[in-house]
1. Please give the number of the condition residue B:309 fails out of (1) outside any helix (DSSP H, G or I); (2) out of contact with any Ser or Thr (no Cβ under 9 Å at 6 or more places or on another chain); (3) more than 9 Å from chain A (Cβ to nearest Cβ).
2. Being of a type in the set (A, V, I, L, M) and touching a Ser or Thr at 6+ places or on another chain (Cβ under 9 Å) is the filter here; which residues of the range B:121-150 pass it?
3. Could you check the range A:56-88 and list, in sequence order, the residues that are without any contact (Cβ under 8 Å) to a residue 12 or more places away in the chain, open to solvent by 10 Å² or more (accessible area, probe 1.4 Å) and within 14 Å of chain B (Cβ to nearest Cβ)?
4. Being within 30 Å of residue A:205 (Cα to Cα), outside any helix (DSSP H, G or I) and facing chain A (nearest Cβ under 10 Å) is the requirement here; does residue B:283 meet it?
5. Residue check: is residue B:171 within 23 Å of the chain's Cα centre (by Cα), farther than 26 Å from residue B:312 by Cα and open to solvent by 40 Å² or more (accessible area, probe 1.4 Å)?
6. Just one of A:240, A:244 is away from chain B (no Cβ under 14 Å), free of Cβ contacts under 8 Å to residues at least 40 places away in the same chain, farther than 14 Å from residue A:197 by Cα and not aliphatic (A, V, I, L, M); which is it?
7. Which numbered condition trips up residue A:188, out of (1) closer than 25 Å to residue A:162 by Cβ; (2) touching a residue at least 40 places away in the same chain (Cβ under 8 Å)?
8. Working carefully through the options A:252, A:276, find the one that is within 14 Å of chain B (Cβ to nearest Cβ) and touching a residue at least 24 places away in the same chain (Cβ under 8 Å).
Amino acid sequence: MGHQISRRTLFRTASGLAVAGALGSSLSACAGGTGAGSTSGDLTMTWWGSDDRHNAYKKALALFQKQNSKIKIRETYQGYDGYFDKFNTNIAGGSAPDLLQMDTALVAQYARKGVLAPLDSYVGKSLDLTGFSKTLLAAGTVDGEFYGVPSGIGVNQLTVNRSGLEKLGLKLPDREWTWADLKKIAQDVHKKSGGKTYGVDDGGGSTLQCFEVFAREKGQTFFSDDGKKLGFTSDTLQEWWEYWAEMRKTNASPPPAITSAAHNDLTKNAVVIGKALFTFDSGVYGAGGSITDAQLDFLPTPQGDFSGAREGNFVNGGVLLCATKASKKVADSVKIMNFFAQDDTAIKDMQLFRGIPPTEKARNLIASGLTETDKLNMENADYISQRVSKASNALPAPVPPPQGADQIWDLLFQSNLAVAFGKKSIKAQLSEFFDQASGILGG
Amino acid sequence: MTTAQTGEVVKEPSVPATPSDQRERDRMRRRLARRRGGGWWPYLFLAPWFVGLFGLTIYPMLDSLYLSFTNFDLLTPAQWVGMDNYNRMFAEDPVFWDSVHATLVYVLVSVPLKLALALAVAMLLNRDLRGIGLYRAAFYLPSLLGGAVAIAIVWRQVFGGEGLFNDFLGWFGLNTGQDWISSPDTALYTLVLLAVWQFGTPMVIFLAGLKQLPKDVFEAAAIDGAGAVTRFFKITLPLLTPIVFFNVVLQIIDAFKTFTPAFVISNGSGGPLNSTMLYSLYLYKKGFTDLQMGYASALAWVLFLVIALFTAVNFIASRYWVHYDD
């Protein structure tokens, strides 16, 4: 037995292999190629969602299979996390699904890169879009071509813990409320709860449901129409961040650690963990199911309080169903889209799991089977879409966001957090935000 | 045998042979001839390894080197952009520097702590106690579980605002309600703690090293009046330096490549404020989420070079502090 460990035995074998392996794997993980088309005979369909949505899809698809026994559907589904990472990898590897649920926020990016199949030639033939409004169809239209069928109406609204509010002896605000009203009631929540609960989750970094509406009230959009620039000014964002700084200072909004924990994690949402009574995150009740026990209610995003305020709300398209361009089964995929858009049973199966149904006919079909909260949700959505359609000064619904949009939304979130954590002043963070944003959109 | 395999002529011995010797030698020669002629078949057995080496390592590496000079986005064909990706990284990308900072802190804090703990526990477990096997297994367990997503999720719960760690502090009246995971000042250190907790692998290697140390030297030292501390620093540590070196090299490489815990604990965001944006996570985000595979490939090559540099420095420095027997 040697007294010590010899260099030879140790390094020639173990470490040599380990080092080579370690270095190799970090590099080889990052190569890829492009390919096209799915190979198996089945039509592959994929979506993200909650268990409730999965079950609704499966139930509806089972009926479709019964009516169309020639089309064999292979279903894959998961949560939102990693859904598009997987989709990207599948496309690069040549195994993209034929039919997929698409995010309205990402449709432009994929359409412009030639991933999605244009559907114009099917509309009015095998794809019946009777009853879909123009604004709704805009959600699936990129550069004048139609790529995706919207599943329902998406509106920006606040989700309110109504029972919590009543317990504190506070009244649900009127639907025609302002940003000042929100501040007032959020401060009241903190006072009346003895400091246990904040009012509303921090919206300073929340884009889709929140800042975009604020910018539109000032006649500004989030992205310019060609998607190459931001559509709002530094002054607008400054006013916005100052509003939320004030909200945090007066305990109307929770401290940044709570906001940060909820990033990408609904279960940590301030309303879900009982730290606030109002949230801009529609996901708390988004997929047709609630993740809190509280009785929820809904309110439009507040607006007003300054000169020249105009209607900032807008109607969006829920999620979309899209076919991929490389697929050999686009025609079959369109049949399935049509089935979800028009078939009575499918509409009833899907309830509100993909948003408020897109057509009058569909909304009537599901009306009878709704829960109390579903009804409140639909009422508020109805209220908003009517207000938007009546408004004379509203901007047209936003164009589908450009590539890099999700990076910019994340940048907005992190920027607000940097201010909230006191790492940056609002002024310093503003110039950093605009610098980085132009880098992302330009490059 | 050796010469025959390399194809050189086998010389006849000059001593006259008996008939049985001759027969033996003929048989040997035939066998050698057969071996020389059938030289292809060992390669057949090696083929799977070659396929793996070239198909899964060398080719993808070269491919990624090529892609690092392109704007490949996974979805459309790549276009050559020269050094753009590398320039952008160093000159225009603040998040890159955030990730470099986070990764260096992570490596330089977690590796020494982890190795110190591994050695301390290995010393404790290097004795003949009853049920010692059980203790060793128990201490190794975290490393078996460590890479798992499940553990990272547990970590997120433990160090969250309402988590066990705060409950624990609460027993001592220290609960500040701090959310360790979602504060930019502490988030990275929860990752460091997770890494240190998984000290099992270096511990096992230290234990193997300790087992090989000569008992007589320690006995002699003890008789001469050397205390436990003196024996550790004057005998154990110097004799163990090859093992320490081995662990340092491997743990540094491992730490540079850490991905899973950062991904899971920050929900894939690297937040708050990029404080947990470890390099591998940023690389992944760029490649698969932001559709910038060309840029991600460039990031991968920089990581490769940095790891190679650290390893080379380690090897050079080792000449001055590692003692070998041979």
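The values are calculated or read from the model by the stated rules, or taken from the named source; none is laboratory data. As the structure is a prediction and not an experimental result, all values here were calculated from the model. Using ideal geometry, Cβ is built from the backbone for each residue, glycine included, and neighbour counts are taken over all protein chains shown. Note: areas computed on protein heavy atoms with side chains; ligands, DNA, RNA excluded. Shrake-Rupley method; radii C 1.70, N 1.55, O 1.52, S 1.80 Å.
1. (1)
2. Selection gives B:123, B:148, B:149.
3. A:82, A:85, A:86
4. No: the conditions fail for residue B:283.
5. no
6. Going through A:240, A:244 in turn, just one is away from chain B (no Cβ under 14 Å), free of Cβ contacts under 8 Å to residues at least 40 places away in the same chain, farther than 14 Å from residue A:197 by Cα and not aliphatic (A, V, I, L, M): A:240.
7. If we test residue A:188 against (1) closer than 25 Å to residue A:162 by Cβ; (2) touching a residue at least 40 places away in the same chain (Cβ under 8 Å), just (2) comes out false.
8. Just a single option satisfies the conditions, and that option is A:276.
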